Amino acid sequence: MIINSTIKATMRQLQLSSEKRPFNYFIPLVILAAVGIGWLTAQLGFVMPGLMLTILLVAPFLFSVFREPKVGLIAFIVYCFMFNLLAREIGQGLPYLYVIEGLLVLTWLAVIFHTTKEYDWANLKNEICILGIGWIFINIVELFNPAGSNILGWMLDFRYPLLWLLAVPLCLILFNKNRDLNTFLIMIICFSLLATLNGVKQVKFGLSQAEQVWLATSGYVTHLIFGELRAFSFYTDASQFGASQAHLFVVSLVLALGPFKIWKRVLCALAALAFLYGESISGTRGALFTIFIGLGVVIFINKNFKVTLIALTLLITGFCFLKFTSIGQSNFEIRRMRSALRQHDASFNARLNNQEKIQKYLEAHPLGGGVGAIGFTGRNYNRGTYLASIPPDSYWVKIWAEYGTPGFVLWISLMMYIIGKSCGIVWRTQDKGLKFKLTALTAGFTGIIISSYSNEIMNMMPSSMIIYISWAFVFQGPKLDEELKQLKEAHA
């Protein structure tokens, strides 16, 4: 008995010492790691801790994406809102813009190599994908444009049709349920509200240090009008901020009029008011047409007399208030919006003069100057050329200058077909709730496409991302409608 108790006590002591041994090794390892990181930081600066932090963040994210690819698509949506904030607050040296394509490619890899889920690849047999492939082909052909635009400029502008081909089919595979549509709407409204709050902060409480640096170095030219600041929030500039706020105003207003629970409608109505204020403090006149055109689309495709009457009343009242009255003229935001409806506005006349210069160029170059020949890419990659010296001031004009009249006719035909087809899908949608959601998306992206005549909006983030994902959801409208129909029949 004494021997047995001695053996048991010895075994227990050995077990306890073996349990403590890893802990005893752990402390020296942590100390060595800390010393090593400290030494590398002294040698390399703050690159080392930054790299370590990146690894700690990226590794779990990669695991999450490959486990559930939808995480990558959600991260893409969030990043499209926030990357300008990162670039402005952290620094301009990192390639923040190209993370957008990186997230989409990563998500595609996760979908292709996923082992536990079967995706319905038949969803890709959708005409919105076919149209995207056609536009990609046109852009590749533009490499052989006789005008000889720099290939680096082509590569930078090629990103936008490439996003069409990367984002839209990915949504058809991953975002193809009604709950996904709800998730998307909630996300774009919430992140746009954050942008509104940041814009209000800029106007009422001042700019952050990074925002002040940006304004002092480049933004002051267009963002300080007679001493008044045009809010730009965490977007590229005030024009993009104002257009996006106008876009979400249309979306939220339509949802506020839909057949949803009262608290949801109230929240959407409050969001719409916030976005309208956000659009006004941006001082972006072109965004006003996003609202007018969006409401016009609502009137055209909605069979609900009440909604049509409300939209028509808002449209006429807003236009008459700005066009035929001088009420609130002392207010900078109202005065700025009212100037958009003037026939002899100096800015509008300057745009017409630039278009005349481009027209003269196209008389000798009917196929245009090539992708990347004008605007930002023209100034940076085609210096010294005729088109590089002319600001396009408009995405429509940019397409016209780069692709020539034949290319512009093809592009505008694509856009009009997408808008027309979307209106037809919404018109035939039976479920009332889904109909309002698709109406909101269609009215919103139509307003952005048409108002891109006044500013280069639709190829900027987050508007571009919202447009592409909106196309994916609207073109899935019949499938989503059928899903809701079967769900109702199952519960009947």
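The values are calculated or read from the model by the stated rules, or taken from the named source; none is laboratory data. In this text, all values refer to a predicted model and were calculated from it rather than measured experimentally. Here Cβ is always computed from backbone atoms with ideal geometry, including for glycine, and neighbour counts include all displayed protein chains.
Among the residues of the stretch 424-433, is any polar (S, T, N, Q), surrounded by 17 or more Cβ atoms within 10 Å (Cβ to Cβ) and either farther than 29 Å from VAL250 by Cα or modelled with pLDDT of 85 or more (or both)?
Yes, the stretch 424-433 contains at least one residue that is polar (S, T, N, Q), surrounded by 17 or more Cβ atoms within 10 Å (Cβ to Cβ) and either farther than 29 Å from VAL250 by Cα or modelled with pLDDT of 85 or more (or both).
Taking the stretch 359-374, which residues are buried (at least 24 other Cβ atoms within 10 Å of the Cβ) and in contact (Cβ under 8 Å) with a residue 40 or more places away in the chain?
Answer for the stretch 359-374, where residues must be buried (at least 24 other Cβ atoms within 10 Å of the Cβ) and in contact (Cβ under 8 Å) with a residue 40 or more places away in the chain: GLY368, GLY369, GLY370, VAL371, GLY372, ALA373.
Which residues, counting only those in the stretch 383-397, are under 21 Å from the mean Cα position of the chain (by Cα) and not in a loop (DSSP other than H, G, I, E, B)?
Matches in the stretch 383-397: TYR395, TRP396.
For ASN380, only one of the following conditions fails: (1) at pLDDT 85 or above; (2) under 26 Å from the mean Cα position of the chain (by Cα). What is its number?
(1)
Just to be sure, is THR107 surrounded by 15 or more Cβ atoms within 10 Å (Cβ to Cβ) and among the hydroxyl-bearing types (Ser, Thr, Tyr)?
yes
Within the stretch 173-194, how many residues turn out to be under 18 Å from LEU273 (Cβ atoms) and outside any helix (DSSP H, G or I)?
0
Of all residues in the stretch 445-474, count the ones that are out of contact with any helix residue (DSSP H, G or I) (no Cβ under 6 Å at 6 or more places or on another chain) and more than 17 Å from ILE100 (Cβ to Cβ).
1
Test LEU410 against the criterion of being under 27 Å from SER233 (Cβ atoms) and either among the aliphatic types (A, V, I, L, M) or at pLDDT below 90 (or both), and give yes or no.
no
Condition check ((1) at pLDDT 85 or above; (2) over 26 Å from the mean Cα position of the chain (by Cα)) across all residues:
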position	(1), (2)
GLY132	yes, no
PHE144	yes, yes
TRP154	no, no
PHE158	yes, no
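I need the helices (runs of 4 or more DSSP H) fully contained in the stretch 195-314, keeping only those with at least 1 residues that are at pLDDT 90 or above. Give the steps one after another, and end with the answer.
Details: elements: 209-214, 220-223, 238-256, 262-282, 287-301.
Answer list for the stretch 195-314: 238-256, 262-282.
Does ASN84 qualify as being modelled with pLDDT of 85 or more and of a type in the set (S, T, N, Q)?
no
Taking the options ALA472, ALA401, ALA440, name whichever one is surrounded by 15 or more Cβ atoms within 10 Å (Cβ to Cβ), among the hydrophobic types (A, V, I, L, M, F, W, C), in a helix (DSSP H, G or I) and modelled with pLDDT under 90.
It is ALA401.
Within the stretch 179-206, track down each residue that is under 19 Å from ASN123 (Cα atoms) and either surrounded by fewer than 19 Cβ atoms within 10 Å (Cβ to Cβ) or of a type in the set (A, V, I, L, M) (or both).
ARG179, LEU181 - these are the residues of the stretch 179-206 that are under 19 Å from ASN123 (Cα atoms) and either surrounded by fewer than 19 Cβ atoms within 10 Å (Cβ to Cβ) or of a type in the set (A, V, I, L, M) (or both).
For (1) in contact with a Ser or Thr (Cβ under 6 Å, 6 or more places away or on another chain); (2) surrounded by fewer than 17 Cβ atoms within 10 Å (Cβ to Cβ), each residue gets a yes or a no:
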| site | (1), (2) |
| --- | --- |
| LEU410 | no, yes |
| ILE418 | no, no |
| PHE445 | yes, no |
| ILE449 | no, no |
